[in-house]
Amino acid sequence: MMTMRKSILVFAVGALSLSTAIAKDSDPTVMTVAGKKVPLSEFKYLFNKNNGQQMAPMSVDEYAELFKIYKLKVAAAEAAGIDTTAAFKAEFTKYRNELAEPYLYDAAEEQRLVDEAYSHMAREVKVSHVMVDKGRVPAEAPLKIATLDSLRSVILAGGDFADIARRYSIDRSARSNGGDLGWIMAGRYPYAFEKAAYDTPVGEISEVIESPFGYHIVRVEAERPARGEVLARHILKITRGKDEAGQKRAKEQIDSIYTLLVGGADFAEVAGRDSEDPGSAREGGMLPWFGAGMMVPEFEEAAFSLENGGISKPFATSYGYHIVNRVDSRGVPSLEESRDKIIAMMKRDGRSNLPRQKRLADLRKEFGVKTYDSNVASLKASVKDHGSLDSSLVATFKAYPVVLGEVDGKVFSTVNLFAKPLPAGDMSVQEAESYIDSAIETVINEITIDSEIARVARDNEDFRNLVNEYHDGMLLFEVSNDKVWNRASTDKEGQNAYFEAHRDKYKWESPKYKGYIVYSTNDSVAALVDDFLKTLPSADSLGVKLNEQFKRTARAERVLAGKGDNKMVDFLLFGAPQPEMRGVWKHAVLFGGEMIDSPQEAADVKGAVISDYQSELEKQWIDELKPKYPVKVNKKALKKLQ
């Protein structure tokens, strides 16, 4: 619909109904425009902001004159109904909600989550788990959860955790490790899984939890202080997939390499030459920093058992034989050092949404959310009787609304529920019931947010003024674009009439060539083009005619240029050196032109004419607005700013 122009906001001030409820003795009306009162606080906010953006600050009286004109334009926009259009409402609501985000966010909850994450970073836990899938459709979820809960009960009654993990877990590694994930560190697993792992006491099993991958139960085997991270290099000789002879040869090779290293050979050089891990070999065997749970257990234990600079003896993992050189190590950083990393981690795993959800939940309680369960049940029964939820049934519920609940004393109905189009296709009864429940939650949240924003706007002057600034700035853009900007740039008749009435304003210091440059792809085409041009009585529709005759081998370019303005015109007309021809074009001639001493039409000075015509339209518009909408100024209130 529109693109906001930031410059508009210099004078943008509000006409929201939110502001009308805040008039107090300490905030007198400074101006009344078209019957709407403007409080002093609003005027002061924009006055100070405007002067902060100007090199030469205005006086209060000077700004008041501009302010009046601005408010007249806003009144015109409202009279035109711009603020009632769906597009305007949607865009304004988007801006308003973005501005309100700090007030819809529980900072204490964010800090709690940061502290929680940091407390996890200080510990490592050894865990096992059993995971089942979520099912193909949401309706299967309760059965999946019940199944996993039954498995948990079996384990608590003495069943073997590893055996159950092998038999029922969809984690493929469970077949070999019995669900044992080993030691894990914070930030490596989905938040729900991590929280269960760190909150469950050692030796106990968590309740069923949900992650993006499935449903889990987690058993905590052990806990220890975090060992931090190490930076290491390694050399690998692969045994996986090899027969006994190949494995024996790999062992002999790694032992020989170890002898070289003990004898003083450069680890990075040997790794680059002999390691069978291609990724790290290119980096002299260097691996990224790693901590608990990021490597296979044998490798991790070897690296953490060394001192910085130490080299391990050869050891085996499921991949093959390794030698590790520990390069460096680091402990858990401070909370201050970790905060940015934690915040980034919270954004990745969706935890950053929790402070907003917490705030919204608190507001719902505060505003007294109620749903009329009997009416909701009646709505669902109607869908069941109809056999589906489709557009015809929605139309009925819009025509004959059913009240479904209230928030902060404001009722909502099926009109709110079905304000947005249904998803494509008719819904089954089961799908419709889920859709209705979800839509009711969405409507409740939207009304809750609107109520809180209204309260903040009433109580917080800075927020109110900023919201009003956006609101009126958007109105100004739309109405000015319609009345002045777009009209000035598209009204050709108006441009020409303005040019003819003010022809003496537009002068040139030197003559200009006005005509066409005709380009050809080669000399043969150029000869044909020259002959063709001789048959044309005028340059009318020259580009179209060239395209019809020569397709893409010739084209025309309209030019208006004085000496020094266009290199090709300078070459063809004023004897300048030939410029480099670009693209496929190899030949150029002038056609249908002449030297003119002054502009002949508005198009010859288009930019200047549009700018001047715009100014003229602006002046005419303001002259129309002044008698149309009365303005009353409270000079006594203005003096408080002088």
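The values are calculated or read from the model by the stated rules, or taken from the named source; none is laboratory data. For clarity, every value in this text was computed on a predicted model and none was experimentally measured. All Cβ positions, even for glycine, are placed from backbone atoms using ideal geometry, and neighbour counts span all protein chains on display. For accessibility, only protein heavy atoms count, side chains too; no ligands or nucleic acids. Shrake-Rupley method; radii C 1.70, N 1.55, O 1.52, S 1.80 Å.
What the table shows:
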| item | result |
| --- | --- |
| Region 409-428: number of residues that are in contact with a helix residue (DSSP H, G or I) (Cβ under 7 Å, 6 or more places away or on another chain), open to solvent by less than 60 Å² (accessible area, probe 1.4 Å) and at pLDDT 90 or above | 4 |
| Conditions (1) of a type in the set (Ser, Thr, Tyr); (2) closer than 30 Å to residue 116 by Cα; (3) loosely packed, with under 13 Cβ neighbours inside 10 Å; number of the one not met by residue 352 | (3) |
| Residue identified as under 23 Å from residue 182 (Cα atoms), touching a His at 6+ places or on another chain (Cβ under 8 Å) and either of a type in the set (Ser, Thr, Tyr) or open to solvent by 60 Å² or more (accessible area, probe 1.4 Å) (or both) among 318, 329, 312 | 312 |
| Number of the condition not met by residue 42 [criteria: (1) open to solvent by 40 Å² or more (accessible area, probe 1.4 Å); (2) more than 26 Å from the chain's Cα centre (by Cα); (3) within 22 Å of residue 460 (Cβ to Cβ); (4) at pLDDT 90 or above] | (1) |
| Number of the condition not met by residue 129 [criteria: (1) open to solvent by 50 Å² or more (accessible area, probe 1.4 Å); (2) out of contact with any helix residue (DSSP H, G or I) (no Cβ under 6 Å at 6 or more places or on another chain)] | (1) |
| Failed item, numbered, when residue 304 is tested on (1) in a strand (DSSP E or B); (2) of a type outside the set (A, V, I, L, M); (3) surrounded by 14 or more Cβ atoms within 10 Å (Cβ to Cβ) | (1) |
| Helices (runs of 4 or more DSSP H) enclosed by region 512-576 - at least 3 residues per element that are within 14 Å of residue 595 (Cα to Cα) | 567-574 |
| Residues being outside any helix (DSSP H, G or I) and of a type in the set (A, V, I, L, M, F, W, C) - total across region 144-176 | 2 |
| Test: residue in region 383-397 that is among the charged types (D, E, K, R), surrounded by 15 or more Cβ atoms within 10 Å (Cβ to Cβ) and free of Cβ contacts under 8 Å to residues at least 60 places away in the same chain | yes |
| Flag for residue 22 being closer than 16 Å to residue 468 by Cα, open to solvent by less than 70 Å² (accessible area, probe 1.4 Å) and at pLDDT below 95 | yes |
| Pair list, Cβ < 7 Å and 6+ apart or interchain, from region 129-155 residues that are farther than 13 Å from residue 211 by Cβ to residues that are open to solvent by less than 30 Å² (accessible area, probe 1.4 Å) and in a helix (DSSP H, G or I) | 135/141; 151/164; 154/164; 155/161; 155/164 |
| Hits in region 582-611 - residues which are in contact (Cβ under 8 Å) with a residue 24 or more places away in the chain and part of a loop (DSSP other than H, G, I, E, B) | 584, 585, 586, 597, 598, 599, 600, 601 |
| Search result, residues across region 355-370 that are surrounded by 16 or more Cβ atoms within 10 Å (Cβ to Cβ) and either of a type in the set (Val, Ile, Thr) or not in a helix (DSSP H, G or I) (or both) | 367, 369 |
| Scope region 90-135; condition farther than 28 Å from residue 338 by Cα and not in a helix (DSSP H, G or I); matching residues | 129, 130, 131, 132, 133, 134, 135 |
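Per-residue answers, yes or no, for (1) out of contact with any Cys (no Cβ under 8 Å at 6 or more places or on another chain); (2) surrounded by fewer than 17 Cβ atoms within 10 Å (Cβ to Cβ); (3) at pLDDT 95 or above; (4) in a helix (DSSP H, G or I):
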| residue | (1), (2), (3), (4) |
| --- | --- |
| 462 | yes, yes, no, yes |
| 471 | yes, no, yes, yes |
| 477 | yes, no, yes, yes |
| 480 | yes, no, yes, yes |
| 488 | yes, no, yes, yes |
| 493 | yes, yes, yes, yes |
